[in-house]
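For reference, the structure is listed below as structure tokens.
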Amino acid sequence: MEVIKLREEYIKLGQALKASGLVGSGVDAKNVILDGLVTVNDEVETRRGRKLYDGDIVSFEGEAIRIEK
């Protein structure tokens, strides 16, 4: 599981997918999120701007990202 360290209070879902390398661009992030392929804390998330905080777990295509302070 990859870990993304927060620099601010939160990171947006699309930014987290790009930062982790799970998608190549913001457009790719938008598309996979809108297609319902991304989960946050085991629930499908379709909002690209969803704010992720310490402890959140994002999953996409069998890969997981943990958000930490």
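State the antiparallel share, in %, of DSSP beta bridges confined to the chain, rounding to the nearest 5. Looking only at bridges with both residues in the chain, the antiparallel portion is about 75 percent. Accessible surface comparison of Thr46, Thr39, probe 1.4 Å, protein chains only, largest first: the order is Thr46, Thr39.
If only the Cβ of Lys and Arg carry +1 and only the Cβ of Asp and Glu carry -1, the dipole of the chain around its Cα centre is close to 340 debye. How many percent of Cα pairs in the chain exceed 21 Å? Roughly 10 percent, rounded to a whole number.
Accessible surface for Arg50 stands near 60 Å², nearest 10, in the context of the full protein assembly shown (1.4 Å probe). Taking all protein chains as shown and a probe of 1.4 angstrom, Arg48 keeps an accessible surface of around 120 Å². In this structure, the amide hydrogen of Glu2, modeled 1.01 Å from its nitrogen in the peptide plane, lies closer than 5 angstrom to those of Ala64, Arg66, counting only residues at least 5 positions away or on a different chain.
Among the protein heavy atoms, those of Glu43 account for about 130 Å² of accessible surface (1.4 Å probe, every chain in place).
Where a Cα-Cα gap under 24 Å defines reach, which lysines qualify for Lys69, not counting those fewer than 8 residues away within the same chain? Hits, sequence-local ones excluded: Lys5, Lys12, Lys18, Lys51.
The values are calculated or read from the model by the stated rules, or taken from the named source; none is laboratory data. For clarity, every value in this text was computed on a predicted model and none was experimentally measured. Every residue, glycine as well, gets a Cβ built from its backbone with ideal geometry; the counts of neighbours run over all protein chains shown. We work out accessible area using only protein heavy atoms, side chains counted, and drop any ligands, DNA or RNA first. Shrake-Rupley method; radii C 1.70, N 1.55, O 1.52, S 1.80 Å.
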